[in-house]
């Protein structure tokens, strides 16, 4: 009985130590070195453009987004502009009115195209921006136009009105198909019966960069929230920004999941300036 009790105590002690060391999340540098949240926050506050690549349903990423937003607001306040992939540019006026408290939350939710995880993941960001009177930018191309390109190809965009075209990057825009993220999408196209996956992704990236550059050009510090794929490996949105503003000081954050967070797996190295590694069995927001 005593031996059994000792075994149980030792087992539980080892389990607790293992769990504490493994952790719900660990932040790594691009080279796989562990970094504290405070160090990351201090570093990114020195940059001019910060791109936060999230996994849309990951609660750890969304909590850290709020910490990043709070730190940047504390260091530069009204010089901070916050961009969202989650809002399409034809919704800019609605976003502006909500942040200025000219729309109630019900009016905002009834008129804007909300993502289904708005209440848990993006509402805290917007309410903080309301409180601090921060400017928000709806950077994404309207989904219907990206879908049009996806289904019918680049020339289909020529059929759009001038008003429609004002909600996207000016046409034509360049696509560097040698970028590894785009090359992977191009390869997938071969199995999709002629669908223009790479071009549709590039339209989103180029449009988000275009509307961010309007703020960057006026000397504002920019924080942008987007899916990690849009900035992973320093490509996508970041590539388009750097074509116009190559000297701007940028930093990227990506979010990944692993069975164990003890060590960053090889496939995630160099994915971003900072990689938030979250336990694979972490609760999802949807």
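Read the figures in this text as sums done on the coordinates, not as results from a lab. It should be emphasised that the depicted structure is a prediction, and the values quoted were computed from it without experimental measurement. Positions of Cβ are generated from backbone atoms using ideal geometry, with glycine treated the same way; all protein chains shown enter the neighbour counts.
When the Debye formula is applied to the Cα atoms of the stretch 30-73, each taken as the same point scatterer, what base-10 log of I(q)/I(0) results at q = 0.20, 0.22 Å⁻¹?
At q = 0.20, 0.22 Å⁻¹ the computed log10 ratios are -0.71, -0.85.
Fully extended, how many nm does the chain gain between residue 247 and residue 147 (0.36 nm per residue separation, minus their Cα-Cα distance)?
This chain segment gains 32.7 nm when fully extended.
Need the C-alpha centroid separation for the stretch 21-94 versus the stretch 149-190, integer Å.
Spelled out, the Cα-based centre of one part sits 28 Å from the other.
So if R0 is 35 Å, what FRET efficiency would residue 285 and residue 34 give, r being the distance between their Cβ atoms, rounded to the nearest 0.05? Spell out each step's value before the answer.
Numbers: r = 26 Å, r/R0 = 0.73.
My answer for the efficiency is 0.85.
Treating each Cα of the stretch 61-212 as an identical point scatterer and ignoring solvent, apply the Debye formula and state log10 I(q)/I(0) at q = 0.16, 0.21 Å⁻¹.
-0.96, -1.26
As an exercise, find the ratio Rg/Rh for the stretch 138-228 from alpha-carbon atoms, using the Kirkwood inverse-distance average for Rh.
Checking Rg against Rh, the ratio lands at 0.99.
Using only the Cα atoms of the stretch 86-138, construct the convex hull and provide its projected area averaged over every direction, in square nanometres to one decimal.
Working: hull surface 12.7 nm².
Approximately 3.2 nm², given one-decimal rounding.
Can you give the alpha-carbon Rg of the stretch 188-258 over 2.2 N^0.38 Å, where N counts its residues?
Output field value: 1.25.
Just the C-alpha atoms of the chain: what Rg/Rh do they give, with Rh taken as the Kirkwood radius?
Rg/Rh for the chain comes to 1.03.
Most mobile of 209, 183, 228 per a Gaussian network model of the chain (Cα springs, under 10 Å)?
183
I'd like the Kirkwood hydrodynamic radius of the stretch 223-283, using the inverse of the mean 1/r over distinct C-alpha pairs, in Å.
12.6 Å
Express in nm, to one decimal, how much length is gained between residue 269 and residue 127 on full extension, taking 0.36 nm for each residue of separation and deducting their alpha carbon distance. Can you show the working numbers first?
Working: separation 142, 0.36 × 142 = 51.12 nm, distance 3.41 nm.
Taking residue 269 through residue 127 to full extension adds about 47.7 nm, to one decimal.
What list do you get for 110, 90, 164 if you sort them by fewest beta carbons within 10 Å? Let's see the in-between values first.
On the way: 110 10, 90 19, 164 16.
Ranked by crowding around the Cβ, least crowded first: 110, 164, 90.
Assign one of three labels to the stretch 145-286, namely rounded, prolate or oblate, based on the Cα gyration tensor with a ≥ b ≥ c the square roots of its eigenvalues; rounded applies when a/c is under 1.5, prolate when it is not and a/b is larger than b/c, and oblate otherwise.
Oblate is the answer for the stretch 145-286, as a/c is 1.5 or above yet b/c matches or exceeds a/b.
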